[in-house]
Protein chains: 2
Amino acid sequence: MARLSAFGSLVFLISVVVLPTGVLSLWPVPRALDTGYTALKLSPYFNFELDVSSPPSDLVQAVEQAKYYLKNDKLGRLVVGRGSSDQSTVDQAQSLSTLTLALTEGAVVESISTEAVKPLGTRSEEYILTIPSDGSAASLTANSTLGLYRGLTTFGQLWYYYDGVSYTIEAPIAITDSPAYPYRGFCLDTARNYYPVSDLLRTLDAMSWVKINTFHWHVTDSQSFPLEVAEYPELATYGAYSPEEVYTAEDVQYIVSYAGARGIDVLLEIDTPGHTAIIGASHPEYIACFDESPWATFANEPPAGQLRLASPEVTNFTANLIGSVAKTLPSSLFSTGGDELNTNCYTQDYITQQELNSTGMTLNDALNVFTQATHSMLISEGKTPVVWEEMVLDWNLTLSNDTVVMVWISSDDAAAVAAKNFRMVHSPSDYFYLDCGAGEWIGDDPNGNSWCDPFKTWSHAYTFDPLANLTEAQYDLVLGGQQLLWSEQSGPQNLDSIVWPRAATSSEIFWSAAQPGGAALNVTEALPRLHDIRYRMVQRGVNAIQLQPQWCALRPDACDLYA
Amino acid sequence: MARLSAFGSLVFLISVVVLPTGVLSLWPVPRALDTGYTALKLSPYFNFELDVSSPPSDLVQAVEQAKYYLKNDKLGRLVVGRGSSDQSTVDQAQSLSTLTLALTEGAVVESISTEAVKPLGTRSEEYILTIPSDGSAASLTANSTLGLYRGLTTFGQLWYYYDGVSYTIEAPIAITDSPAYPYRGFCLDTARNYYPVSDLLRTLDAMSWVKINTFHWHVTDSQSFPLEVAEYPELATYGAYSPEEVYTAEDVQYIVSYAGARGIDVLLEIDTPGHTAIIGASHPEYIACFDESPWATFANEPPAGQLRLASPEVTNFTANLIGSVAKTLPSSLFSTGGDELNTNCYTQDYITQQELNSTGMTLNDALNVFTQATHSMLISEGKTPVVWEEMVLDWNLTLSNDTVVMVWISSDDAAAVAAKNFRMVHSPSDYFYLDCGAGEWIGDDPNGNSWCDPFKTWSHAYTFDPLANLTEAQYDLVLGGQQLLWSEQSGPQNLDSIVWPRAATSSEIFWSAAQPGGAALNVTEALPRLHDIRYRMVQRGVNAIQLQPQWCALRPDACDLYA
């Protein structure tokens, strides 16, 4: 019997700050969590009771998926013996037969996909999950199907497996949960190297397991254009690595619906006016310094090439391109990029100089016209534009007030973005870039290192403070954050291993974050839980790497620096 | 028709130094290579003719494997269009129907496995491969089945595929090849985290593709003992992570035979007297400072624990353990380890101090007795002992003259080992450690970095000079070298991606090495060939990572630093 059974119905509750280390497998940790010391097992006849009238099909599927995970996870507790010591207690435990899912009274029933793409700040992801220790029905309630989905995800993480039985040793469990920030993302570059659709779907699954709610899809770049655009089929025909390495319009719709059903919004980015060289493969006349040599004079990486932003024709083309892609997507967000514009490329481009001279515009003026064209197009499609930080810090542009800014060059730049009163998504290379530390990839540079050395470990990333250097009045400008994979040295071969479990770090920072001014999250407390979600990911077919020798994973804290 | 067809039988030959960049896909590059400009395709009826009487079964299997690769590789040439521009030339090319394999006159026919485990310096890996451009039979000759195996490997790398046809555009081809160094290895730690047998087999396959001939298997360490030892079954029973995470005696024999058939010798290491904490799980009385805290006082990483080397009983146990494993293996080499001995652990161990006091021995004396016991056991089993560098640089031990020393702490230490006149295998952490750069894995150290930062890129590794700081008289002490994966942050999830194609770097350094005093290998020339072997590995099911964006892989030199 459980340690506190003598107390009968007097339930002993502990709060998250004294969480028994390495026992609870939740990631991200709920914002309010009370657990007891009683064992409880899942009945072989366990079932979900969906108390929602006319449930949307993606909710029904989510319940089926949750059932599948409960049956197949079979994750032994990460202690020596993998749960064998729990067995006698669990043998005598009550069985849980039912989890009832219900919406709060008056909630409008919409699909998860519909809820997932609502504007930031208007979605309801909160839920309440209650699991009694006596075997009576557990309950999950939320204001939306999206909230139910988040609660189902949590429920699926509560159970360990040993010898045919799934169980917890911490019933009763009471969780009241909601995200601290509305944007919790993962950004993938599919242009430097291509990823088959199946890799993206598996990544979306893993994202959903840790409540990441935005897939920032950096789909194109200077090296390849793997996106089929109905109005401009030539871009992929000449710009993709091969006809097989293209996301067709059908693929994109499937990815978006797969994401939506998992509570994930797809924020697509067509990076402009830089990072566009490959458009020159089909429209050489649109690209300045197209594949010019030496590339380092004209771009941060090969090949050189940027849209001729001073040209009305190019501006028109770009706005139409962005509009024609954006209108096919349900998200309220769309990114026009805007990073790493190389001025030298334009200075040395005869045609751009001619355009500027003929109109009397500066490069900044021309960029302003160009950006307003693409952003007006987005706004006319009902989208909120998203840009990289240079668009507000390096250039003087007239941008819509609600433009979302990605802070990437340094975490230190957040304050400057806030000073300009823009909302921001933290994507700092000094904390969140998953590709850093893999060495120089440029050829003929054997002593070169990664530009953003060193490798960003999960624990370094975990110390990121979303509110650092901001005034209290600026806190609301922080929408959230994300980890990012730039794919110069990545592809399907290492996608899982370079991304997971590290990309789960920011999901906890932005879901569970300490209150403003409160204590930082604690890496020592977090590590056993991160091991846990990592082992669960492997169990579910995602090749998340080992963070430590298994000896350490089975002995919480034994491998800490001063242990 | 090919460019030089007008010359008829007057074949235009070019040497490796003016190799057409990105065309030839050989890795490691043969020591003497002449190629022409004529296209030649493989006949749909292409076959191997094995002109060897009573061929050993592993040679027959090797030919079958070569056939399989020829049929299934389907590797497009790494240029824009992936070989489409070759098509008209290839259409009109002659077809090659036969490769004849023969041993030189008087050669004794032995199996590849038998040849692969002969003592270093006594194996014959050389071969001659001749491929005429006119479609007449190609020929492969060697002094041994092992040489034929190496030649088959080369033959399999010569062919690109486009639209149903496998072809080369560089016939005629004449290769006379032999390794510069007898030892070309890969070292894997299977103790920090465990790898299923299937992962090891796939790794052996990939090793064979680049002519790596030694698998240095660091099978046990302080964290786990995944090796079944007939005389000491308790070591794995209590020391493996789980009953499923054990290499059984049968597994080991299978791995050894699988390796042998691929020309690979298995050099097993039981690291002693340090790196042995987990032996304390079954024999706590044999281990000093067993799992003592704080671990950092007693060991380089957790858990602390070293064999009580001053105890005759422990010495006897260790020698018997090593003997009982070594006698089951065909290799002439066996490693007793010997790195990172922590003297503080012994200073603070009451039992060790008691033993030393009772005999009047110093720790060095005791280590000498201990090491002579294990090495005598090896020598009595016909093995040559292998040790890490500390055994000759940090301690004053009486070692057999033919002991092989692994230089690991720094490439600078090679000179000191040579000064002591020991043969060495280069395993320098500053060039060849594949795990470096992944950040600190010890818990509660969010600002910690990898101890051997930065990441060792293939191109940095490629600049390694095996003869640096040695006198000409010492050159013969260099047996070769190897790249190594220590598995604190690795496991089956990232094995392929962290090892390949990087571990192929040393295979070329030690197979193709420039002559003593000659020019270093050239990273710019090598990169397109390394891309090629990487794409071929992926085609064969090994998840070797992208070294660059595919845009660069398809455009040799375009992404070089000053391109």
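Would you mention how many residues in the stretch B:42-75 are surrounded by fewer than 18 Cβ atoms within 10 Å (Cβ to Cβ) and among the small types (Gly, Ala, Ser)?
Residues in the stretch B:42-75 being surrounded by fewer than 18 Cβ atoms within 10 Å (Cβ to Cβ) and among the small types (Gly, Ala, Ser): 4 in total.
Could you grab me the full set of residues in the stretch A:277-319 that are closer than 23 Å to A:Gly443 by Cβ and in a helix (DSSP H, G or I)?
A:Ala277, A:Ile278, A:Gly280, A:Ala281, A:Trp295, A:Ala296, A:Thr297, A:Phe298
What tally of residues in the stretch A:102-145 results from selecting those that are touching a Phe, Trp or Tyr at 6+ places or on another chain (Cβ under 9 Å) and outside any loop (DSSP other than H, G, I, E, B)?
Qualifying residue count for the region: 10.
Which of the helices (runs of 4 or more DSSP H) contained wholly in the stretch B:336-384 include at least 3 residues that are under 26 Å from B:Trp408 (Cβ atoms)? Give the derivation first.
Numbers: elements: B:343-347, B:350-359, B:363-380.
Answer list for the stretch B:336-384: B:343-347, B:363-380.
Right, A:Gly274: on the phi > 0 side of the Ramachandran plot and either within 32 Å of the chain's Cα centre (by Cα) or free of Cβ contacts under 8 Å to residues at least 60 places away in the same chain (or both) or not? Write out each step before concluding.
Details: on the phi > 0 side of the Ramachandran plot: no; either within 32 Å of the chain's Cα centre (by Cα) or free of Cβ contacts under 8 Å to residues at least 60 places away in the same chain (or both): yes.
In short, no.
Suppose we filter B:Thr471, B:Thr463 for residues that are polar (S, T, N, Q), surrounded by fewer than 21 Cβ atoms within 10 Å (Cβ to Cβ) and within 14 Å of chain A (Cβ to nearest Cβ); which single one remains?
B:Thr463
Exactly one condition in (1) part of a helix (DSSP H, G or I); (2) buried (at least 23 other Cβ atoms within 10 Å of the Cβ) is not met by B:Gln223; state its number.
So B:Gln223 meets the others, but not (1).
Suppose we filter B:Asn396, B:Asn401, B:Asn421, B:Asn447 for residues that are surrounded by fewer than 21 Cβ atoms within 10 Å (Cβ to Cβ), assigned by TED's automatic domain parsing to the domain that holds B:Cys187 and modelled with pLDDT under 95; which single one remains?
B:Asn447
Suppose the filter is in a strand (DSSP E or B), in the same structural domain as B:Trp388 (by TED's automatic domain parsing) and touching a residue at least 24 places away in the same chain (Cβ under 8 Å); does B:Phe215 pass it?
Yes: the conditions hold for B:Phe215.
The rows are residues; the columns are (1) more than 11 Å from every other protein chain (Cβ to nearest Cβ); (2) out of contact with any Phe, Trp or Tyr (no Cβ under 8 Å at 6 or more places or on another chain).
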{"site": "B:Ala419", "(1), (2)": "yes, yes"}
{"site": "B:Met424", "(1), (2)": "yes, yes"}
{"site": "B:Phe432", "(1), (2)": "yes, no"}
{"site": "B:Ile442", "(1), (2)": "no, yes"}
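Just to be sure, is B:Glu440 over 27 Å from B:Leu268 (Cβ atoms), buried (at least 21 other Cβ atoms within 10 Å of the Cβ) and acidic (Asp, Glu)? Walk me through it before giving the result.
Details: over 27 Å from B:Leu268 (Cβ atoms): yes; buried (at least 21 other Cβ atoms within 10 Å of the Cβ): yes; acidic (Asp, Glu): yes.
Yes.
For A:Gln550, only one of the following conditions fails: (1) within 14 Å of A:Pro28 (Cβ to Cβ); (2) more than 18 Å from the chain's Cα centre (by Cα); (3) at the interface with chain B (Cβ under 9 Å from one of its Cβ atoms); (4) not β-branched (Val, Ile, Thr). What is its number?
Going through the list (1) within 14 Å of A:Pro28 (Cβ to Cβ); (2) more than 18 Å from the chain's Cα centre (by Cα); (3) at the interface with chain B (Cβ under 9 Å from one of its Cβ atoms); (4) not β-branched (Val, Ile, Thr), A:Gln550 breaks only (1).
With the condition kept exactly as written, say whether any residue in the stretch A:105-112 is surrounded by fewer than 23 Cβ atoms within 10 Å (Cβ to Cβ), among the small types (Gly, Ala, Ser) and not assigned by TED's automatic domain parsing to the domain that holds A:Val79. Give the steps one after another, and end with the answer.
Applying the first criterion (surrounded by fewer than 23 Cβ atoms within 10 Å (Cβ to Cβ)) to the stretch A:105-112 yields A:105-111.
So of that shortlist, the ones also among the small types (Gly, Ala, Ser) come out as A:106-107, A:111.
Still in the running and not assigned by TED's automatic domain parsing to the domain that holds A:Val79: none.
Scanning the stretch A:105-112 turns up no residue that is surrounded by fewer than 23 Cβ atoms within 10 Å (Cβ to Cβ), among the small types (Gly, Ala, Ser) and not assigned by TED's automatic domain parsing to the domain that holds A:Val79.
Determine whether A:Ile279 is β-branched (Val, Ile, Thr), closer than 18 Å to A:Ser222 by Cα and more than 14 Å from every other protein chain (Cβ to nearest Cβ).
No.
Out of all the residues in the stretch A:533-547, which are over 17 Å from B:Asn449 (Cα atoms) and either among the hydrophobic types (A, V, I, L, M, F, W, C) or at the interface with chain B (Cβ under 7 Å from one of its Cβ atoms) (or both)? First the steps, then the outcome.
Kept after step one, since they are over 17 Å from B:Asn449 (Cα atoms), are these residues of the stretch A:533-547: A:533-545.
Of everything in the stretch A:533-547, those that are over 17 Å from B:Asn449 (Cα atoms) and either among the hydrophobic types (A, V, I, L, M, F, W, C) or at the interface with chain B (Cβ under 7 Å from one of its Cβ atoms) (or both) turn out to be A:Ile533, A:Met537, A:Val538, A:Val542, A:Asn543, A:Ala544, A:Ile545.
All but one of (1) under 24 Å from A:Tyr181 (Cα atoms); (2) surrounded by fewer than 23 Cβ atoms within 10 Å (Cβ to Cβ); (3) more than 7 Å from every other protein chain (Cβ to nearest Cβ) hold for A:Arg529, so report the exception by its number.
Only one criterion in (1) under 24 Å from A:Tyr181 (Cα atoms); (2) surrounded by fewer than 23 Cβ atoms within 10 Å (Cβ to Cβ); (3) more than 7 Å from every other protein chain (Cβ to nearest Cβ) is unmet by A:Arg529, namely (2).
What is the one condition in (1) under 20 Å from A:Lys211 (Cβ atoms); (2) in contact with a Cys (Cβ under 9 Å, 6 or more places away or on another chain) that A:Cys436 does not satisfy?
(1)
Go through the stretch B:459-508 and give me each residue that's in a helix (DSSP H, G or I) and closer than 30 Å to A:Met537 by Cα.
Within the stretch B:459-508, B:Leu495, B:Asp496, B:Ser497, B:Ile498, B:Val499 qualify.
Any chance the stretch B:292-310 includes a residue that's at positive phi, surrounded by fewer than 24 Cβ atoms within 10 Å (Cβ to Cβ) and assigned by TED's automatic domain parsing to the domain that holds B:Gly323? If you could, list the steps in order and put the result at the bottom.
Here is the first cut: in the stretch B:292-310, the residues at positive phi are B:305.
Now restrict to residues that are surrounded by fewer than 24 Cβ atoms within 10 Å (Cβ to Cβ): none.
Within the stretch B:292-310 (the criterion being at positive phi, surrounded by fewer than 24 Cβ atoms within 10 Å (Cβ to Cβ) and assigned by TED's automatic domain parsing to the domain that holds B:Gly323), the answer is no, since none of the residues qualifies.
What pairs can you find where one residue is in the stretch B:82-101 and within 14 Å of another protein chain (Cβ to nearest Cβ), the other is part of a loop (DSSP other than H, G, I, E, B), and their Cβ atoms are less than 7 Å apart, with a gap of 6+ or different chains?
B:Arg82/B:Gly76; B:Gly83/B:Gly76; B:Gly83/B:Arg77
The values are calculated or read from the model by the stated rules, or taken from the named source; none is laboratory data. Just so we're clear, the structure is a prediction, and the values are computed from it rather than from any experiment. Here Cβ is always computed from backbone atoms with ideal geometry, including for glycine, and neighbour counts include all displayed protein chains.
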